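Asker: Handing you this structure, nothing more for now.
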Amino acid sequence: MDIFRTKSVEQSMHDTEAPEHQLRKRLTAVDLTVFGIGVIVGTGIFVLTGQVAKELAGPAVALSFVVAAIVCGLAALCYAEFASTIPVAGSAYTFAFATLGEFPAWIIGWDLMLEMALAAAVVAVGWSGYFASLLNSIGINLPAWMAGDDPVVNLPAMIIVLILTAILIAGIKISSRVNLVIVAIKVTVILLVIVAGLFFINAANYAPFIPPSTPLPSDEGLTAPLIQVLFGITPVAFGVLGIFSAAAIVFFAFIGFDIVATAAEETIEPQRDMPRGIIGSLVICTILYVAVSLVVVGMQKYTELSSSAPLADAFTSVGQNWAAALISIGAIAGLTTVVMILMLGQTRVLFAMCRDGLLPRPLAKVNQRTGTPVVLTAIVGAVSAALAGLISLSALAELVNIGTLFAFVVVSAGVIILRRTRPDLHRAFKAPLVPVLPVVSVLACLYLMLNLPVETWLRFVIWMLIGAVLYFFYGYRHSTIAGYRSTSVKP
């Protein structure tokens, strides 16, 4: 049983030409950059900046964002090389198939399914909370059973998921235009907040920029970070180590740029535009995050920041109550695009897996009118809506983080492998300093994974075992790669 059989780049490219499985090439570098900003910038910019400054880093939270951006940048360069070399839907799944083999590719695809499905549902629930709060501020109160802290059915979350599903089904260009409009709204809100906040900065709030180090109480049992269980390393707040502790948390405000790579097959000039879209969106988001964090700690002393709505409360503390409503609008716009692009990424990964036969192949059929996998998109939308509306997701949210980091590790390692196994491939973009850069990327991601709780690791391992069983019972038997092998053998 050859579970490590690889699918060559040529085979992957050939599959994209089959009429029934052919996605339409409509996206440009601008579209990809806006997709990246759309999925990276959510409520994190309005909440995480102040929360982490208060609890872990102080005014030096801006440095934490820079550290996290560098770690993400290492992985982003690896993604950019792969996406420009193998411009095929599927992102890390497709890259793993070309380098590590079918079973590792299945595992990473199964991992991405968990990451994106849970993330879309969690974000939709957050969208519902902001939407209900905004309606409440204008005198419209939604019933508690549909939009309270513990609703029976979270109806707003389900409705927004279904609306976005319809937009995704309508076509990739329509989706990109809707995304562009909403991203323009949320970036405008963020820029207004930054500019307005500059007028209320008190330089004394920046001192000390790096507060003295303080040990944190350690967790026990399954809630303890794996690094504490294995090595006895306990978390520290503030000081230089506090900056890195904060970076491990704000790192997750950057995740999402990898989803840009799932749209490679729908990009007009992927060799040129994929690196621009991936790296460009990461750079823009880093600038926005650093600017917002410097504003919020400058407006209000870090020890006095609110944990739930630090940016809005910072404006309230200086008598500018109008900012709270503006920030709610920005958050709603931000979360709308995050949900949509997560579902887009989910459908493209599943599309690639179905086209390869690892999941039912008929699901990969593309509608000739819309140029999208309609049935698959509808299934993803229905599952995401059900998760968002009916299931408590708070305990599972950290699975999104470990799933993302696992994908980063695989892609970073894959760059080294493909450089050695296929040095002949044309690479429109090359990650610099290979193999040093990918190795550092792997180590940085593993470090962040070790900072996640033991219970998250256990849930992740259980999900991977379920995926392995499904692969051996279905995926291996129906994989199209066996057909490639049989037709390529010379008599």
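Asker: Here is a list: A323, A352, A331. Which entry is within 25 Å of M158 (Cβ to Cβ) and either out of contact with any Pro (no Cβ under 8 Å at 6 or more places or on another chain) or surrounded by fewer than 24 Cβ atoms within 10 Å (Cβ to Cβ) (or both)?
Answerer: Only one candidate passes the filter, namely A331.
Asker: Out of curiosity, is T316 crowded, with 24+ Cβ neighbours inside 10 Å, among the hydroxyl-bearing types (S, T, Y) and either at pLDDT below 90 or more than 30 Å from G139 (Cα to Cα) (or both)?
Answerer: no
Asker: Report every pair of residues separated by at least 6 positions or lying on different chains whose Cβ atoms are under 8 Å apart, first residue within region 428-441 and closer than 17 Å to P275 by Cα, second among the charged types (D, E, K, R).
Answerer: A428/R272; F429/E81; K430/E81; A431/E81; V434/R419
Asker: Within the set of pairs 6+ apart or on separate chains, which have a first residue in region 354-382 that is within 24 Å of V339 (Cα to Cα), a second that is hydroxyl-bearing (S, T, Y), and C-beta atoms under 7 Å apart?
Answerer: V366/T372; P373/T347; L376/T347; T377/T165; T377/T347; A378/T165; V380/T347; G381/T165
Asker: Could you check how many residues of region 63-80 are closer than 19 Å to A207 by Cα, crowded, with 22+ Cβ neighbours inside 10 Å and among the hydrophobic types (A, V, I, L, M, F, W, C)?
Answerer: Matching residues across region 63-80 total 1.
Asker: Say whether the condition of being under 24 Å from the mean Cα position of the chain (by Cα) and either modelled with pLDDT of 95 or more or over 19 Å from G334 (Cα atoms) (or both) is met by at least one residue in region 210-223.
Answerer: Scanning region 210-223 turns up at least one residue that is under 24 Å from the mean Cα position of the chain (by Cα) and either modelled with pLDDT of 95 or more or over 19 Å from G334 (Cα atoms) (or both).
Asker: Working carefully through the options W127, W106, find the one that is in a helix (DSSP H, G or I), closer than 25 Å to R348 by Cβ, of a type in the set (F, W, Y) and at pLDDT 95 or above.
Answerer: Criteria check complete, one pass: W106.
Asker: Filter region 13-63 down to residues that are closer than 21 Å to I194 by Cα, assigned to a helix (DSSP H, G or I) and hydrophobic (A, V, I, L, M, F, W, C), then give me how many there are.
Answerer: Residues in region 13-63 being closer than 21 Å to I194 by Cα, assigned to a helix (DSSP H, G or I) and hydrophobic (A, V, I, L, M, F, W, C): 15 in total.
Asker: Does V461 qualify as being under 29 Å from A80 (Cα atoms), among the aliphatic types (A, V, I, L, M), in a helix (DSSP H, G or I) and touching a Ser or Thr at 6+ places or on another chain (Cβ under 9 Å)?
Answerer: Taking the combined requirement at face value, the residue does not satisfy it.
Asker: Can you tell me how many residues within region 224-255 are in contact (Cβ under 8 Å) with a residue 12 or more places away in the chain, over 29 Å from V39 (Cβ atoms) and either in contact with a Gly (Cβ under 6 Å, 6 or more places away or on another chain) or not in a loop (DSSP other than H, G, I, E, B) (or both)?
Answerer: Residues in region 224-255 being in contact (Cβ under 8 Å) with a residue 12 or more places away in the chain, over 29 Å from V39 (Cβ atoms) and either in contact with a Gly (Cβ under 6 Å, 6 or more places away or on another chain) or not in a loop (DSSP other than H, G, I, E, B) (or both): 8 in total.
Asker: Okay, moving on. Only one of these conditions is not met by W106: (1) touching a Phe, Trp or Tyr at 6+ places or on another chain (Cβ under 8 Å); (2) more than 27 Å from A120 (Cα to Cα). Which number is it?
Answerer: With respect to (1) touching a Phe, Trp or Tyr at 6+ places or on another chain (Cβ under 8 Å); (2) more than 27 Å from A120 (Cα to Cα), W106 is out only on (2).
Asker: Would it be correct to say that A364 is at pLDDT below 95 and under 29 Å from T85 (Cβ atoms)?
Answerer: It is true that A364 is at pLDDT below 95 and under 29 Å from T85 (Cβ atoms).
The values are calculated or read from the model by the stated rules, or taken from the named source; none is laboratory data. Here the structure is a predicted model, which means the values were calculated and not measured. So basically every Cβ, Gly included, is an ideal-geometry build from the backbone, and we count neighbours across all protein chains shown.
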